[in-house]
Amino acid sequence: MLRKPVEAALFDMDGLLIDTEVIYIEAMQQAARSLGREMPLDFCHSMVGVPGHECNLMIEAYYGDGFSITEFREHFSVHRHRLMDGGIPVKPGVVEFLDFLAGRGLPLAVATSAGRATAEHHLGHAGLLDRFTALATRDDVERAKPHPDVYLEAARRLGVAPERCLAFEDSNIGLEAAHAAGAMAFMVPDLLQPLPETRARSLEIFPDLHAALSLLRQHL
């Protein structure tokens, strides 16, 4: 299943390491209501894995003329911070999974569509930041996912060829990026189920990180 040798592991952040996608969606829906609008769940799901700037363009196009994305982002920020006041939840199995890979001597990196300040804040507050040797963000690359740039940058920062990296994603867009980078790509779906093309690109699709760990114990 795995190409050998495996020399590193790369991770998406939102929806894979930390349970933030549901928080973002709730904050977006509440921000829309603050402006007298409704934001359907299907539309929210269409933005999973999409960088913030592109989400802004999608929202502006969805609501049309007269909609202020600036006001929306202000309300979104207020609601997001309120929802995160109790802490940023770590996805089940993350700590054990990272411990296992680190115990095998693999350097770990994050490859995220979030900006650097957001990534450092979220991972720091979740108690995960120090577990990663490198952090590649939307701020570090020219093109966002589904382009491979952020995965290529994460591998470069580790000094490892991307084809010798495991890559873990929760979204279809992210999996496309990891696969395009040449990494050994795996999906652990969060809010969205894999598309047929995602299944074709994935070495394996796991229901959760516990299942991923069980399989990797047999191969690493």
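Observations on the structure shown:
- Modelled label reach - residue 99, point 7 Å along Cα→Cβ, the stretch 180-220 residues with backbone N closer than 20 Å: 208-220
- FRET efficiency, 1/(1 + (r/R0)^6) with R0 35 Å, evaluated for residue 45 and residue 4 via beta carbons: 0.45
- Summed over qualifying helices (DSSP H, 4 residues or more, each -39500 (n - 2.57)) and divided by its residue number, the chain shows a 222 nm mean residue ellipticity of -13500 deg cm²/dmol.
- Our summary gives the chain a relative contact order of 25 percent, counting only alpha carbon pairs under 8 angstrom and 6 or more residues apart.
- Build a GNM of the chain with springs between Cα atoms under 10 Å apart, and of 81, 45, 122 the one that fluctuates most is 81.
- Within the chain: Cβ-based charge dipole about Cα centre, in debye rounded to nearest 20 (Lys, Arg +1; Asp, Glu -1): 600
- Length, then width, then depth: along the principal axes, the Cα atoms of the stretch 1-152 run 54, 33, 27 Å.
- Gain in span if fully extended, residue 156 to residue 217, counting 0.36 nm per residue against the direct Cα distance: 19.4 nm
- With R₀ set to 22 Å, the beta-carbon distance separating residue 203 from residue 130 gives a calculated FRET efficiency near 0.20.
- Residue by residue, the stretch 157-165 carries 3J(HN,Hα) couplings of 5, 8, x, 10, 5, x, 6, 9, 10 Hz when phi is fed to the Karplus relation 6.51 cos²θ - 1.76 cosθ + 1.60 (θ = phi - 60°); x denotes Gly or Pro.
- Dimensions in Å of the stretch 21-83 - Rg and Dmax from alpha carbons: 10.5, 29
- Mean separation of Cα pairs under 8 Å and 6 or more residues apart, divided by the residue count, gives the stretch 1-104 a relative contact order of 40 percent.
- Computed E for residue 191/residue 143 - FRET, C-beta separation, R0 30 angstrom, nearest 0.05: 0.80
- Measuring nothing but how far apart in sequence close Cα pairs (under 8 Å, 6+ apart) lie, relative to its length, the stretch 139-220 scores a relative contact order of 23 percent.
Rule-based calculations on the coordinates, nothing more; no lab input. Computed from a prediction, not measured in an experiment: that's the story for all the values here. Methodologically, a virtual Cβ is constructed for each residue, glycine included, from the backbone with ideal geometry; neighbour enumeration extends over all protein chains shown.
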